[in-house]
Structures are given as structure tokens and as C-alpha cells.
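Everything on this sheet refers to the single structure shown next.
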Amino acid sequence: MASQIIREWSGINTFASATQKKLLELLGKLKQEDVNSLTILVMGKGGVGKSSTLNSIIGERVVSISPFQSEGPRPVMVSRSRAGFTLNIIDTPGLIEGGYINDMALDIIKRFLLNKTIDVLLYVDRLDAYRVDNLDKLVAKAITDSFGKGIWNKAIIALTHAQFSPPDGLPYDEFVSKRSEALLKVVRSGAHIKKDAVQAASIPVVLVENSGRCNTNDSGEKVLPNGTAWIPHLVQTITETTLNESKSIHVDKNLIEGPNPNQRGKLWIPLVFALQYFFVMKPIKGLIRRDIARESRPAWEMRDAGFRRRDLY
Ligand code: GDP
Ligand code: MG
């Protein structure tokens, strides 16, 4: 692969100094664990704030954002390095078109990811939405079918537009937990993850506010209505997810061209049937036949079958 010059992650300098300090600490933690680069895949429906979130993390307006969902059809990878650490973030177009999964967009994303390793999946949606629907389920299912269930062990749900006042005087934290639970439920069902599976419980939810009008605290850090400085919190969650015990997802030819990674086991079914036939059914049939041949039949059965008593003795 041609080596490319990766630009310095100078956008960090635009953050409040308290935020900068926390981010550099987290990068130090990753390096301590021998992680010198990290690739985040950003996915979700169109217009939810995927590109804006990438720009917020990088601290530059690198990818274009649009209120009218006129996203380019291709994914874009943005790489920045800082203190010997490289951060790659892959922005993708929304997967839904006309109420269905855009299979072509999905295919382009998969091909773009060939030979790359996904350390974190950032699944983006909006906080200020009141319902989840079948589309959310379709997106979760498309991601699972493309990369396997394991990708959810490396997932974070990011909810944008987090500077928001819930309706009817509902407390902020209560709204956040209700919205998170509803989304987690639909993601679990689209991803075919059982509720009690450990992985489902461990998908963290983080809040994001990309607006330039995001409130700040006394140190100038961008904060949410609950007081959390969201950029360090997001990067901390990314660090924890990177370092968790699950393996990153390497996208190879088999993964994108082979059968659905969740159905691979099904290829063994005909072989299992064949083995069952030769090693279980056939010997049993043989034994039964031998048994029948050896069987001394009762007199009444022989008589009913047309033998006379004389023939028997
Ligand atoms: P994408 O299609 O998922 O990449 O979404 P974009 O990043 O292009 O954002 C769609 C629109 O939502 C743009 O007009 C953004 O300015 C706006 N937007 C994105 N995130 C936020 C956010 O956290 N808060 C607010 N207020 N607007 C946002
Ligand atoms: Mg976009």
C-alpha cells in the first residue's frame, strides 16, 4: 500500500485546555497498551449527525455536513496523528433510501473497508427523537449481516442534538435513559442479540452536541445539560471500547464476499447430515436388518403368514 503522509491532529488545539489535557491523557493510555492507531467506523441513518460528529472529534470542518441529506455516496476516511498516535475516522453515507436499505451504498462501504480493521463502530442517531421504527432495525440488521454480530462488542451508540429540553418537564436524564433503552432494544432485535447476552448490556450510549452553540462550563469545555463535558467523555468511551476484551473486526475478502458471517455455520449442515447418515443411520439400519434375520418368530405369526404347524417342526 502506498504510504501516505498523515496530517497532524492540530484540531485538538482548538479545544478548551481542560479537554485537550484529558484527550492527551487518553491517547497516552492507549499508547501504554501498545495501541498506536485506532479506526472508528461511523454509521447510521442519513441526517443524524454522522459527519458533524467526525468534525467535532477531529476539531476541524473536514467532511461536509448538510441539513438536506445530500451526502456523497462514498465513505471518507480522515486520518490525523498526534504524539505518535494515529486516529482514523471513516464517515459513511446514510444507509436508508426510500424506506429501505440502500444495498449499493452498503456494498460501496464494505468494499471501502476491505483490508481495514474496525476498532470501534460509532452508531449515530439523534437524542431528540421520540420513536424508534423499523428503519432503525433495518440499519442494525444490515450492519450485523455485513460484519457479524461481534461488531456490537465494539460498538458505541452516539446520540446527537444532546443539548435539548425534553417535553412535558421530563427530567433530562430520564429522557436520555428512555431514548437509549428504546434504541438499544431495536438495535438488539435488528442485530439478533438476546436481551440477556452480555454484549447487549455492554453497548455504551454517549451524548453528543455538534452545534456551535453548545454550552460551555467555567473551563470553556463544551458541556451537556447534565454537566458532562461530552468530547472527553466520548473519547474516553472510545478508549475503553478499543481496550475491551473483544477483538477488532478485520474486514477481509471473505467477510465482504463470502456468505453472511452470521450464517457461516449453516454451511456445515449438509456435512453433518451426511455424517449422521453414514455413521449413525446406516449402522442402525444394518443392526435392525440383522436382528430381523435372526429373529425367531412366534408360532402364531408364522401361522398367520401362511405356514402350517407341520412346516415348523
Ligand atoms: P449526516 O447525514 O448523518 O452526516 O448528518 P450531518 O452531520 O450532515 O448533519 C445533518 C444536519 O444536522 C446538519 O444541518 C447539522 O448541522 C445538524 N446537526 C448535526 N449534529 C447536530 C447536533 O448535535 N446538534 C444540532 N443542533 N445540529 C446538529
Ligand atoms: Mg454525512
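Using the structure shown, select from Lys50/Lys137; Lys22/Lys116; Lys116/Lys222; Lys31/Lys149; Lys149/Lys247 the pairs with a Cα to Cα distance greater than 23 angstrom. List each step's numbers first, then the result.
On the way: Lys50/Lys137 18 Å; Lys22/Lys116 28 Å; Lys116/Lys222 32 Å; Lys31/Lys149 28 Å; Lys149/Lys247 12 Å.
Beyond 23 Å: Lys22/Lys116; Lys116/Lys222; Lys31/Lys149.
For the range 7-258, the convex hull spanned by the alpha carbon atoms encloses 126 Å³ per residue.
By a 1.4 Å probe calculation restricted to protein chains, Lys194 has an accessible surface near 150 Å², given to the nearest 10.
Around the Cα centre of the range 132-237, unit charges on the Cβ atoms of Lys, Arg, Asp and Glu (plus for the first two, minus for the last two) sum to a dipole of about 480 debye.
Look at the dipole of the range 7-258 built from charges on Cβ: of Ser10, Gly84, Ala229, the Cα furthest out on the positive end belongs to Gly84.
Summing charges over all other residues whose Cβ lies under 10 Å from the Cβ of Glu257, with Lys and Arg as +1 and Asp and Glu as -1, gives +2. Using only side-chain charges placed at the Cβ, +1 for Lys and Arg and -1 for Asp and Glu, the dipole size of the chain relative to its Cα centre rounds to 1740 debye. Using a Gaussian network model of the chain in which every pair of alpha carbons under 10 angstrom is joined by a spring, one finds that among Val139, Val272, Val208 the greatest mean-square fluctuation is at Val272.
Accessible surface of Tyr277, taken over heavy atoms with a 1.4 Å probe and every protein chain present, rounds to 100 Å². The distance from the alpha carbon centre of the range 7-79 to that of the range 86-137 is 16 Å, rounded to a whole number. Taking a straight line from the alpha carbon of Lys194, not one of the aspartates and glutamates sits under 14 Å away once near neighbours fewer than eight places off in the same chain are left out.
Within the same chain, aspartates and glutamates fewer than 8 places from Lys141 are excluded, and of the rest, those with a Cα less than 18 Å from its Cα are Glu97, Asp103, Asp107, Asp125, Asp133, Glu181, Glu257. Residues Phe112, Phe15 ordered from highest to lowest accessible area at a 1.4 Å probe: Phe112, Phe15. For the chain, the longest principal axis of the Cα atoms and the long axis of helix 17-32 meet at an angle of about 40 degrees. Legend: calculated FRET efficiency, Ser246 to Asp218, from the Cβ-Cβ distance at R0 = 51 Å, rounded to 0.05, equals 0.85.
Subtracting the Cα-Cα distance from 0.36 nm times the residue separation, let me have the gained length for Ile65 to Ala18 in nm, one decimal. Don't skip to the end; give the middle numbers.
Values: separation 47, 0.36 × 47 = 16.92 nm, distance 2.72 nm.
Working it through step by step, the gained length comes to 14.2 nm.
Helix-only mean residue ellipticity at 222 nm, the chain, DSSP H runs n ≥ 4 weighted -39,500 (n - 2.57), per residue, nearest 500. What is it? Before the final figure, lay out the partial values.
Values: 12 runs with 122 residues, N = 313.
The helix-only estimate for the chain comes to -11500 deg cm²/dmol at 222 nm.
The 3J(HN,Hα) values that the Karplus relation (6.51, -1.76, 1.60; θ = phi - 60°) gives for the range 116-123 are, in residue order, 9, 10, 8, 8, 9, 9, 9, 8 Hz. Gly and Pro appear as x. With angles folded into 0 to 90 degrees, how steeply does helix 282-294 sit against the dominant principal axis of the chain? Use alpha carbons for both and round to 10. Roughly 20 degrees, rounded to the nearest 10. Paramagnetic label reach from Asn134 (point 7 Å along Cα→Cβ; backbone nitrogen cut-off under 16 Å): within the range 88-127, residues 96-102.
Would you list Leu30, Leu138 from the most to the least accessible area, probe 1.4 Å?
Numbers: Leu30 0, Leu138 50 Å².
Ranked from most to least accessible, the order is Leu138, Leu30.
Relative to the longest principal axis of the Cα atoms of the chain, the long axis of helix 134-147 makes an angle of roughly 70 degrees.
Going from most exposed to least, what order do Met281, Met104 have by accessible area with a 1.4 Å probe?
Numbers: Met281 105, Met104 140 Å².
Result, largest first: Met104, Met281.
Compared with the alpha-carbon gap, the fully stretched path from Arg7 to Leu275 is longer by 90.8 nm at 0.36 nm per residue.
The values are calculated or read from the model by the stated rules, or taken from the named source; none is laboratory data. In this text, all values refer to a predicted model and were calculated from it rather than measured experimentally. All Cβ positions, even for glycine, are placed from backbone atoms using ideal geometry, and neighbour counts span all protein chains on display. For the accessible areas, the whole protein counts, side chains as well, though only heavy atoms, and no ligand, DNA or RNA atoms are used. Shrake-Rupley method; radii C 1.70, N 1.55, O 1.52, S 1.80 Å.
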